[in-house]
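The values are calculated or read from the model by the stated rules, or taken from the named source; none is laboratory data. What you see is a predicted model; the values in this text were computed from it and never measured. Glycine also receives a Cβ, built like all others from the backbone with ideal geometry; neighbour counts cover every protein chain displayed.
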Amino acid sequence: MQLDKTGIIFSSIVGAKGASALPRLATLQNELMKHVLPAIPFLPVTSQNISIKNSDRAMDAELWKADQKLNASDQFFPFSFVGDDGQAYLLPYEPIININGKNTIVRRSVAKAKTSDGLALGGKIKERWTQDDYDITITGVLIGSIITGNVENCFPREDFEKLRDFMTAPRSLKVYCEPLQLLGINELVIEDFSFPFTKGENVQAYTIKAYSDFDYKLLLDLDD
């Protein structure tokens, strides 16, 4: 490797070894020199081994294909919604699931007796408490079959419409996901959802906020 005046300054900043160990940047310089006239080095480092080669390789169509959808067996915690017809819709890419739980406690401030030492007992009286709903946030992404193209070919329209139908259903939704089942959660009620702007023509992110829902027997029989 040979250094000119600018290269000496660059090497003094990043180190001579760092400047010589940049094969990927040297490749970038090689590509830029194909399109810039005159050929101006991108890096302040010159090398006798840098050369410009034109490739006759045709563009591989496989490069434009996106990652395939994952089956439930290929996901660690697969998540599925179940429709009215009993058919399960598996989210094609494993989402991130956050679960928050809490207890609802009624506290009362009352006068308390003093101890034998004459000290007043502190704190409030916890009159009763019950478990509140689980607050669940699901964050994931939908990906089309190809990276770029028109809307019909690259945008994940089918998955988008399926997810939209579940989100707008005016009822609780049956779900299957191992962390939720461990907490006894088999149904969710969707509070809100969003499809934010996502970089990439074939990519659409989503965020779902929901509460757990359980079957309660509100009407009692006479025998109860």
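Figures for the structure shown
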{"read-out": "Residue within the stretch 146-154 that is within 20 Å of LYS102 (Cβ to Cβ) and either polar (S, T, N, Q) or not in a loop (DSSP other than H, G, I, E, B) (or both) present", "value": "no"}
{"read-out": "When residues of the stretch 179-204 are limited to those that are farther than 20 Å from ALA169 by Cα and of a type in the set (A, V, I, L, M, F, W, C), the one surrounded by the fewest Cβ atoms within 10 Å (Cβ to Cβ)", "value": "PHE197"}
{"read-out": "Residue list for the stretch 52-90, restricted to those being in contact with a helix residue (DSSP H, G or I) (Cβ under 8 Å, 6 or more places away or on another chain), at pLDDT 90 or above, assigned to a loop (DSSP other than H, G, I, E, B) and among the hydrophobic types (A, V, I, L, M, F, W, C)", "value": "PHE77"}
{"read-out": "Output for the stretch 159-178, where each listed residue is surrounded by fewer than 17 Cβ atoms within 10 Å (Cβ to Cβ), among the hydroxyl-bearing types (Ser, Thr, Tyr) and over 21 Å from the mean Cα position of the chain (by Cα)", "value": "THR168"}
{"read-out": "Pairs, first acidic (Asp, Glu) in the stretch 129-155, second exposed (fewer than 15 other Cβ atoms within 10 Å of the Cβ), C-beta under 6 Å, six or more apart", "value": "ASP132/LYS102; ASP132/THR104; ASP135/ASN100"}
{"read-out": "Odd one out for THR104, checked against (1) closer than 24 Å to PHE77 by Cα; (2) in contact (Cβ under 8 Å) with a residue 24 or more places away in the chain", "value": "(1)"}
{"read-out": "Residues being assigned to a loop (DSSP other than H, G, I, E, B) and touching a Leu at 6+ places or on another chain (Cβ under 7 Å) - total across the stretch 118-145", "value": "1"}
